[in-house]
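Visitor: Have a look at the structure that comes next, please.
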């Protein structure tokens, strides 16, 4: 796969989450869609401002949990009834109340693993390299105390000069261009 | 530190509520980041750290010695005989796994209840959980006699064509504890990813950048990622809550499914869980009090945290007291000769002293925590945390030893006296726990920076632009 080249986007740095959310709303209102905000802690308002409302992590988690439940209960039943039937103090081979406990634990195990790894997969992580890290001020601020809005060049509405002047009107600390 | 009679202008007191603050005033995003990441990224390791690390390392060596000798000679070097076939191994197993419970409680249940004060202590409480589970998990494994065959506990297609027996609580334990360990590690690591990103960006050494870069999986703080991350944390918290309640319940079933007097009782699951949380909070205090002093974190782990944890201990301690009194009541109310004798023997028999140690440490002394003056005194609270942990250890000792040494048939009565290998193994796990904890505070962010930022007043999004920053605050 050829590496993309050229301009990834134009990125503005803000001092406060309020400034970021106001700028993000303005950008969405101006018709930009391919954009992202970068913040040092979760800012839900910013996600809403750029039109990101729904995530699928809960669904992945539910499916994982149901899978764990079914897998363990089926395994227990198969082992205890068909594969290796043991007479334990005259209890029935299919003594389902005893099977509930491991099945319950596996429900939690698989839904937990699905939530965590599902979250990473949906986020496209691990991804050690990303163009936004090329912005000179990004690493100093995005994981500490500054807020960023990046308008991406793949947006059909994108024009480098226009995006820059748009962002400069939003009271940023600075606006930089981000290369791939 | 201030007491109740502190002047009104004490900055650590909230002027409106009169409560101690969760975080000292005047902190900014930058200052909390600096404060926490400096502990990890400094090239100057404090001398005190080395001292504690080497000391704990010595205990780990002792553990290795004890375990090596155990593997060479077998479990006969321990004091276990009939009728006490488990002895220290199960006492320590239950004690350690109980300690782990507070970590999950703080990180999961208090998150669901939106208890903001938990944020500064949840990371190392979770770390404590994991290290306690490591210590706990070791005991059943080395107790099985041939630990290299420990994998026989898992259902796998073997050439011998046999499968485990799913009606036994001991097998439920395998699934409960292994799930607990896995979910705790995942929850802990996932919570750390954004902070590892911060460390990657702030580290000045090549090695630091590389290692933290790998561990942070390229976290860049995109708000889309944050939304999914928040959902996943909430889901994990929701899952860890029933998990933590089930783990100690399942462990208590190891006892209560048996027909032994003093074990065969339905109060065990809830009272084991309360006891677990009780000892776990005590251990969090045992760890937090020296750490906040040593690393000067009084701004972030404030008297408010200590006060709140004391209140949780008081509440869970009372549940435990209720459990003990139910046991005493039931031994009378059951009208069973065996139950009655068990309780008499527990209180006044050969090992009766251990019951009174337990009552003193777990019920009598902790009542001092009703006093606010006591709760906000850091030194006394440290002492109290040690007392409660001792008491909880004795609880397991009493349950295991007094019941087993005096069961139905006087001809099978016996006694129990731990050998030096028992003590070395137990002290060794204390060393291992401390050793792992020292590594953790040195190399990983022990306070979640992203969650602290969220607690600051300037983290809120307002309707309108704020005035442009001038004084640099």
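Read-outs: derived from the displayed coordinates by stated rules, not from any lab. None of the values given here were measured: they were computed from a predicted structure. Don't worry about glycine lacking a Cβ; one is built from the backbone with ideal geometry, like all the others, and counts go over all protein chains shown.
Visitor: For chain B, find the longest principal axis of its Cα atoms and tell me its angle to the long axis of helix B:88-104, 0 to 90°, nearest 10.
Guide: The angle comes out at about 30 degrees.
Visitor: So if each residue of separation counts as 0.36 nm, and I subtract the Cα-Cα distance between residue B:341 and residue B:31, what length gain in nm does that give?
Guide: On the way: separation 310, 0.36 × 310 = 111.60 nm, distance 6.20 nm.
Full extension of this stretch gives 105.4 nm more.
Visitor: Let me ask something else. So how far apart, in nm, are the two label points at residue A:89 and residue B:81 if each is 7 Å from Cα heading toward Cβ?
Guide: 2.8 nm
Visitor: Also, quick follow-up: Could you order the peptides A:82-93, A:163-174 from most to least packed, using the average number of other C-beta atoms within 10 Å per residue? List each step's numbers first, then the result.
Guide: Values: A:82-93: 11.2, A:163-174: 17.3.
Highest to lowest by the protection proxy: A:163-174, A:82-93.
Visitor: A follow-up question, please. Evaluate the distance, in nm, between pseudo-label points positioned 7 Å from the Cα of residue B:373 and of residue B:326 along their respective Cα→Cβ axes.
Guide: Taking the simple label geometry, residue B:373 and residue B:326 are separated by 3.6 nm.
Visitor: Which distance in nm do the two modelled labels at residue A:127 and residue B:207 give, with both placed 7 Å along the Cα-to-Cβ direction?
Guide: About 3.1 nm separates the two model spin labels.
Visitor: Hey, what number do you get for chain A at 222 nm if only DSSP H runs of n ≥ 4 count, each worth -39500 (n - 2.57), divided across all residues, to the nearest 500? Before the final figure, lay out the partial values.
Guide: Values: 6 runs with 80 residues, N = 180.
Taking each H run of at least 4 residues, the total per residue is -14000 deg cm²/dmol.
Visitor: OK, next. Checking a compactness column here: for segment B:235-299, what do you get for Rg(Cα) / (2.2 N^0.38 Å), N being the number of residues? It would help to have the intermediate numbers written out before the result.
Guide: Working: Rg = 16.6 Å, N = 65, 2.2 N^0.38 = 10.7 Å.
Segment B:235-299 yields a ratio of 1.54.
Visitor: Here is a further query. Calculate the length of the line joining the C-alpha centroid of segment B:109-167 to that of segment B:322-353, in whole Å.
Guide: Computed from Cα coordinates, the inter-centre distance equals 32 Å.
Visitor: May I pose another question? Please compute P(r) over all alpha-carbon pairs of segment B:287-394, binned at 5 Å starting from zero, and give each bin as a whole-number percent.
Guide: Using 5 Å bins, I get a P(r) of 2, 11, 18, 19, 15, 11, 8, 6, 5, 3, 1, 0 for segment B:287-394.
Visitor: Taking every DSSP beta bridge that has both residues in the protein assembly as shown, what percent is antiparallel when rounded to the nearest 5? Working shown, then result.
Guide: Values: 18 of 18 bridges.
Antiparallel: roughly 100 percent of the beta bridges in the protein assembly as shown.
Visitor: When you look at the Cβ of every residue in B:32-39, what mean number of other chain Cβ atoms sits within 10 Å?
Guide: Numbers: counts 2, 4, 2, 0, 0, 2, 0, 0.
That works out to 1 on average.
Visitor: Right, something else. On a 0 to 90 degree scale, rounded to 10, what angle separates helix B:378-397 from the longest Cα axis of chain B?
Guide: It is inclined by approximately 30 degrees.
Visitor: Evaluate segment B:257-332: find the radius of gyration of its Cα atoms, find its Kirkwood radius, and give the ratio Rg to Rh. Intermediate results must be reported in sequence, preceding the final value.
Guide: On the way: Rg = 16.8 Å, Rh = 14.2 Å.
Over the Cα atoms of segment B:257-332, Rg/Rh equals 1.18.
Visitor: Right, another one. Peptides B:444-451, B:100-107, B:122-129: what's the order by average Cβ count within 10 Å, highest mean first? Provide the component values of the computation, followed by the final result.
Guide: On the way: B:444-451: 23.9, B:100-107: 29.2, B:122-129: 25.8.
For the peptides B:444-451, B:100-107, B:122-129, the packing ranking is B:100-107, B:122-129, B:444-451.
Visitor: At 0.36 nm per residue, and after removing the present C-alpha to C-alpha distance, how many nm does the segment from residue B:413 to residue B:55 gain when stretched out fully?
Guide: That pair, residue B:413 and residue B:55, stretches by 124.8 nm at full extension.
Visitor: Provide, in order from the shortest bin, the percent of all Cα-Cα pairs of segment A:57-122 in each 5 Å bin, continuing until the bin that contains the maximum pair distance.
Guide: Taking every Cα pair in segment A:57-122, the percentages come to 4, 20, 21, 17, 12, 10, 8, 5, 2, 1.
Visitor: For n ≥ 4 DSSP H runs only, could you compute -39500 (n - 2.57) per run for chain B, divide by its residues and tell me the 222 nm figure to the nearest 500?
Guide: Numbers: 15 runs with 290 residues, N = 473.
Mean residue ellipticity at 222 nm (helix-derived): -21000 deg cm²/dmol.
Visitor: Do you know the relative contact order of segment B:353-473, to the nearest whole percent, from alpha carbon pairs under 8 angstrom that are 6+ apart?
Guide: 19 percent
Visitor: How high is the FRET efficiency from residue B:439 to residue B:161, r the C-beta distance, R0 35 Å, rounded to 0.05? Can you show the working numbers first?
Guide: Values: r = 43 Å, r/R0 = 1.23.
E between residue B:439 and residue B:161, to the nearest 0.05, is 0.20.
Visitor: Rounded to the nearest Å, what's the spacing between the alpha carbon centres of segment B:423-446 and segment B:277-321? Just the number, please.
Guide: 19 Å
Visitor: For segment B:402-446, what ratio Rg/Rh do Cα atoms give with a Kirkwood hydrodynamic radius? Spell out each step's value before the answer.
Guide: Working: Rg = 18.9 Å, Rh = 13.7 Å.
Computed over Cα atoms, the ratio is 1.38.
Visitor: What's the angle, to the nearest 10 degrees (0 to 90), between helix B:29-41's Cα axis and the longest principal axis of chain B?
Guide: Roughly 50 degrees between the two axes.
Visitor: Oh, and also: What order do you get for B:75-83, A:36-44 when each peptide is scored by the mean count of other beta carbon atoms within 10 Å, highest first? Don't skip to the answer; put the middle values down first.
Guide: Working: B:75-83: 16.3, A:36-44: 23.9.
Averaged packing, sorted descending, gives the order A:36-44, B:75-83.
Visitor: Based only on Cα atoms, what Rg/Rh ratio does chain B have, Rh being taken as Kirkwood's radius? Don't jump to the answer; show the numbers that get you there.
Guide: Working: Rg = 24.0 Å, Rh = 24.1 Å.
Computed over Cα atoms, the ratio is 1.00.
Visitor: Okay, next question. What FRET efficiency comes out for residue A:59 versus residue B:259 if R0 is 51 angstrom and r is the Cβ-Cβ distance? Round to the nearest 0.05. Don't skip to the end; give the middle numbers.
Guide: Working: r = 46 Å, r/R0 = 0.90.
After rounding to 0.05, the efficiency reads 0.65.
Visitor: Now for a different question. If the convex hull of the alpha-carbon atoms of the protein assembly as shown is projected onto planes in all directions, what is the mean projected area in square nanometres?
Guide: Details: hull surface 135.9 nm².
Result: 34.0 nm².
Visitor: Just for the Cα atoms in segment A:1-42, what are the lengths along the principal axes, largest first, rounded to whole Å?
Guide: 39, 25, 16
Visitor: In addition: Given q = 0.09, 0.13, 0.15, 0.20 Å⁻¹, what are the Debye log10 I(q)/I(0) values for segment B:320-455, with equal point scatterers placed on the Cα positions and solvent ignored?
Guide: Each listed q corresponds, in turn, to -0.44, -0.80, -0.95, -1.22.
Visitor: Per-residue Cβ counts within 10 Å, from other chains only, averaged over A:127-134: what number is that?
Guide: Mean partner shielding for this stretch: 3.
Visitor: Rg and Dmax in Å for chain A, alpha carbons only: what are they?
Guide: Here Rg and the maximum Cα pair distance are 24.9, 81 Å.
Visitor: Find the relative contact order for segment A:57-122 and round it to a whole percent, using C-alpha pairs within less than 8 Å whose residues are 6+ positions apart. Don't jump to the answer; show the numbers that get you there.
Guide: Numbers: 69 pairs, mean separation 38.4, N = 66.
Computed over segment A:57-122, the figure is 58 percent.
Visitor: Moving on to the next point. Calculate the mean, over all residues of peptide A:55-61, of how many other protein chain Cβ atoms lie within 10 angstrom of the residue's Cβ. Numbers along the way, then the final one.
Guide: Numbers: counts 8, 2, 9, 5, 0, 4, 6.
Going residue by residue through A:55-61 and averaging, the value is 5.
Visitor: Okay, moving on. What percent do you get for the relative contact order of chain B when only Cα pairs under 8 Å and 6+ apart count? Provide the component values of the computation, followed by the final result.
Guide: On the way: 586 pairs, mean separation 142.2, N = 473.
In percent, rounded to a whole number, it is 30.
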